[in-house]
1. Which one of PRO72, VAL145, ALA39 has its Cα pushed farthest toward the positive end of the charge dipole of the chain, where Lys and Arg give +1 and Asp and Glu give -1 at the Cβ?
2. Skipping prolines and chain starts, which residues have an amide H placed within reach, meaning under 5 Å, of the one on GLY84, given they are 5 or more residues away or on another chain?
3. At 7 Å along the Cα-to-beta-carbon direction for both VAL238 and ALA98, put a label point, then send me their distance in nm to one decimal.
4. So, R0 is 41 Å and r is the distance between the beta-carbons of ASP127 and HIS194; what FRET efficiency does that work out to, to 0.05?
5. I need the calculated FRET efficiency for the pair GLU250 and ALA69, taking r as the beta carbon distance and R₀ as 41 Å, to the nearest 0.05.
6. In terms of solvent-accessible area of protein heavy atoms at a 1.4 angstrom probe, what is the ranking of THR26, THR139, highest value first?
7. Long-range amide H contacts for HIS113: which residues qualify at under 5 Å (H placed 1.01 Å from N, peptide plane, sequence gap of 5 or more or a different chain)?
8. Using the Karplus curve 6.51 cos²θ - 1.76 cosθ + 1.60 with θ = phi - 60°, work out ³J(HN,Hα) for each residue of the stretch 83-91 in order, rounded to whole Hz, and write x for Gly and Pro.
Amino acid sequence: MTDPSPTAIAPPPRAPGEGVWVVLPTYDEADNIEPISAAILAALPAATLLVVDDDSPDGTGHLADGLAAADPRVRVRHRAVKQGLGRAYLDGFGQALAGGAITVVQMDADFSHDPAALPELIAPIGDGDADLVIGSRYTTGGAVVDWGLGRRVVSRGGSLFARVVLGLGQNDLTGGFKAWRAATLASVPFDGVHAGGYVFQIEMTFRADRGGARIREIPITFRDRRVGQSKMSRRIVVEALVVVVQLRAEELLGRGRRRRGA
């Protein structure tokens, strides 16, 4: 009589946030850095939180160093020169990928993005259903509160403009609450990304889409920052319009060159 086949033992479930790096750019977020860090790690206890500080004059970087000294899950990347949101994110992404991240999350440090939504944001990546997940204000079930009419028009108009010009299907292209499969993020050529401000969000989604990424949107409620000043400006809006047109022009030019070379 032979011994029965051994029963397969299922691997233990992953702790919430295991393999996840949350990249958190900061500039003058001294009032927010401690509570937002605590909220992120409460939502994803096994995650790594990477604070990327652009030499904040209000001491945000120093406070982040204190958090890192007290908690090994927190790391800090100090940047000597402020070069815009996009450059800070690319720097942080590179650190996360080099550190072995499986999933990379990007979010604001001002509580506009609710840390409690993080498990839902990363779930499609872990389930193998998506390569990029966008926390969307403008998909069914999403919402924006605490914004005036002008800010709403600029945000919705920017997303609509980018959708039409770039031929993208996502509803919220200007939002910055996203989860990336690390392999998908690594496939984006960082050297080719030329957006420094908020249009970075549009550009990265565009490049992921053109690379064949499976992109999903989940509804979120976006709230205006709790404290501090918004970084939005007229220059940032103009940059977004210019870069969107530039991306489309570069794509059309590339197609034309490929046709001539065929």
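The values are calculated or read from the model by the stated rules, or taken from the named source; none is laboratory data. Since the structure is predicted, the reported quantities are computational estimates derived from the model, not experimental observations. Backbone-built Cβ (ideal geometry, glycine too); neighbour counts: all protein chains shown. All accessible areas refer to the heavy atoms of the entire protein, side chains included, with ligands and DNA or RNA removed. Shrake-Rupley method; radii C 1.70, N 1.55, O 1.52, S 1.80 Å.
1. VAL145
2. Residues meeting the amide H criterion: none.
3. Spacing of the two 7 Å Cα→Cβ label points: 3.6 nm.
4. Numbers: r = 33 Å, r/R0 = 0.81.
The pair ASP127/HIS194 has a calculated efficiency of 0.80.
5. Values: r = 44 Å, r/R0 = 1.08.
E between GLU250 and ALA69, to the nearest 0.05, is 0.40.
6. Values: THR26 5, THR139 35 Å².
From most accessible down to least: THR139, THR26.
7. Under 5 Å from the amide H of HIS113 lie the amide H atoms of ASP108, each far enough along the sequence or on another chain.
8. After applying 6.51 cos²θ - 1.76 cosθ + 1.60, I find 10, x, 4, x, 5, 5, 5, 4, 4 Hz.
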